[in-house]
1. Evaluate the stretch 4-18: report whether one residue or more is under 15 Å from the mean Cα position of the chain (by Cα) and more than 26 Å from His126 (Cβ to Cβ).
2. Among the residues of the stretch 49-79, which ones are part of a loop (DSSP other than H, G, I, E, B), under 21 Å from Val109 (Cα atoms), open to solvent by less than 60 Å² (accessible area, probe 1.4 Å) and not charged (D, E, K, R)?
3. Can we say Ala21 is in a helix (DSSP H, G or I), open to solvent by less than 30 Å² (accessible area, probe 1.4 Å) and small (Gly, Ala, Ser)?
4. Can you tell me which of (1) over 18 Å from Ile7 (Cβ atoms); (2) open to solvent by 60 Å² or more (accessible area, probe 1.4 Å); (3) among the hydrophobic types (A, V, I, L, M, F, W, C) is the one Leu43 doesn't meet?
5. Go through the stretch 85-137 and report how many residues are open to solvent by less than 100 Å² (accessible area, probe 1.4 Å) and part of a loop (DSSP other than H, G, I, E, B).
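The values are calculated or read from the model by the stated rules, or taken from the named source; none is laboratory data. Everything numeric here is computed off the predicted structure, so don't read it as measured data. Ideal geometry is used to build each Cβ from the backbone, glycine not excepted, and the neighbour counts take in all protein chains shown. Ligands, DNA and RNA are stripped out before the accessible areas are found, and what is left, the full protein with its side chains, is counted by its heavy atoms. Shrake-Rupley method; radii C 1.70, N 1.55, O 1.52, S 1.80 Å.
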Amino acid sequence: MTVEQLILQHHLGIELQGSNAGWLPLPSQPRQVLHRLASLARLDVQRLEQLQIPVAWAMRDCSVPYCHRCLVVNPLDVTTPYWQRCWLDPAPRPCEQHDEPMGRVPLAVLRRCRNFNDVLRGIQLHRRRDASRPPYA
């Protein structure tokens, strides 16, 4: 299911056009939307409130940082990749767990993604393209 299908099917009233990076860094939502999402996901609404990001974080220049190792190796469930909230901070820091510089994914890649599986595929394709490019002389 795509994020847009979820929004439409459950009448959530979330505006996806609020971010130039698509749905991933979605700005804070009204309380009634959070209550509906919490009910659908069987989560406590306070958990969703903790995940909300400031509006400024949703407005990005041209790319979003992430740690590829953290993305694909979830310590709680290695079969379930996840995106960390701190990666949406406009002032990223090196990965605290791996002490490595962050990778970057262009917003153009994220805007085309309709769900998290698309995000993972888009990042993988972007990484392959970058690896196949010859270094600058």
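1. No, because not a single residue in the stretch 4-18 is under 15 Å from the mean Cα position of the chain (by Cα) and more than 26 Å from His126 (Cβ to Cβ).
2. Cys67
3. It is false that Ala21 is in a helix (DSSP H, G or I), open to solvent by less than 30 Å² (accessible area, probe 1.4 Å) and small (Gly, Ala, Ser).
4. Condition not satisfied by Leu43: (1).
5. Residues in the stretch 85-137 being open to solvent by less than 100 Å² (accessible area, probe 1.4 Å) and part of a loop (DSSP other than H, G, I, E, B): 11 in total.
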